[in-house]
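The values are calculated or read from the model by the stated rules, or taken from the named source; none is laboratory data. This one's a predicted model, so the numbers in the text were calculated from it and none came from an experiment. Quick reminder, even Gly has a Cβ in these numbers, built from the backbone with ideal geometry, and neighbours come from all protein chains shown.
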Amino acid sequence: MFVLSILLLIAAVVLFFVGRSQDSGGWKIGAVLSAVAAVLSGVFACVHVVSAYEVGVPVTFGNVGKPITSGVQFKSPFTDVTSFSTRPVDLDLFGKDVVEVRSAQGGVLYADITIKWAVIPARAVELYRLAGSEEAVQERLVEPDSREIIRNVFAKHTSEEGYASAREQIGAEIATLIKARLEPRGIDVTNVNLRNVRPSDKLQDQIDKKIQQEQATERAVEAARTAKAEAERRRIEAEGIARANEILAKSLSDKVLFNQCIEAYKEAAKANPVYAVPCGASSNGTPVIVNNGKN
């Protein structure tokens, strides 16, 4: 714009002298219009408008100045202003951009993650020196650094921890490291969401086989535990029976048997008339109960 102003001013001077030499009013009017356009171009070259939710970085002959905020700003006509948006931006790493990682065991996992980041206005100068433009911030800084950190964190955990048991811990660790890495560069990471982690097909097959082996081992251990418990129960039962028989053998005598025989006759006599030979296991013979009704 400033170059255009100089050219218009030169054109105004030329038109003025041509019109003066030829005494022509048309040339003079053209000279006046060129002069007005040159002044307006010069004014516009010294004014820069920074939009809302943006921050500008002025550069004059290679020297980077302080960040300028939104609004109408006056500058040197030799100053170029590079603008950076301060609105939050989502970096979605899933689908074709999914992050392929490896666990500590070498298993391949795929991590879907979303990173929300924004430019820190006060650190725009550092960001300009590192990236050079707003379009290059995500391409050169946010995405490659995030991918590196994600891979490094997953490499410290097993496959099972990566997709199941330690997923929340891994997500929190990734968020902390990304924030620490990008903040000094002028990027504020407001949220890191580890949305999904899934194993590769090969790793999934290995996981399924391991689960089947663990289930088979658990069934075998349970069967052995049940068999052992049953054997113990039978041992205790057999010992109890043997002990009871031992006690019974020691407690039986002729007097006990004679008393039990008498009790049996008493019970039988309540229902039917009976007579009996003497009880006992001696030479008197075996006890006999005779039912009178059946002879």
**OP:** Identify the single condition in (1) more than 30 Å from residue 161 (Cβ to Cβ); (2) in contact with a strand residue (DSSP E or B) (Cβ under 8 Å, 6 or more places away or on another chain); (3) surrounded by fewer than 15 Cβ atoms within 10 Å (Cβ to Cβ) that residue 127 does not satisfy, given that it satisfies every other one.
**Re:** (3)
Original post:
For residue 83, which of the numbered conditions (1) in the same structural domain as residue 182 (by TED's automatic domain parsing); (2) outside any loop (DSSP other than H, G, I, E, B) fails to hold?
Top reply: (1)
**OP:** Would you check if there is a residue in region 180-187 being acidic (Asp, Glu), in a helix (DSSP H, G or I) and either surrounded by fewer than 21 Cβ atoms within 10 Å (Cβ to Cβ) or touching a residue at least 40 places away in the same chain (Cβ under 8 Å) (or both)?
**Re:** yes
**OP:** For residue 140, indicate whether it is of a type in the set (D, E, K, R) and in contact (Cβ under 8 Å) with a residue 12 or more places away in the chain.
**Re:** no
**OP:** Keeping to region 60-84, report how many residues are touching a helix residue (DSSP H, G or I) at 6+ places or on another chain (Cβ under 9 Å), at pLDDT 75 or above and surrounded by fewer than 15 Cβ atoms within 10 Å (Cβ to Cβ).
**Re:** 2
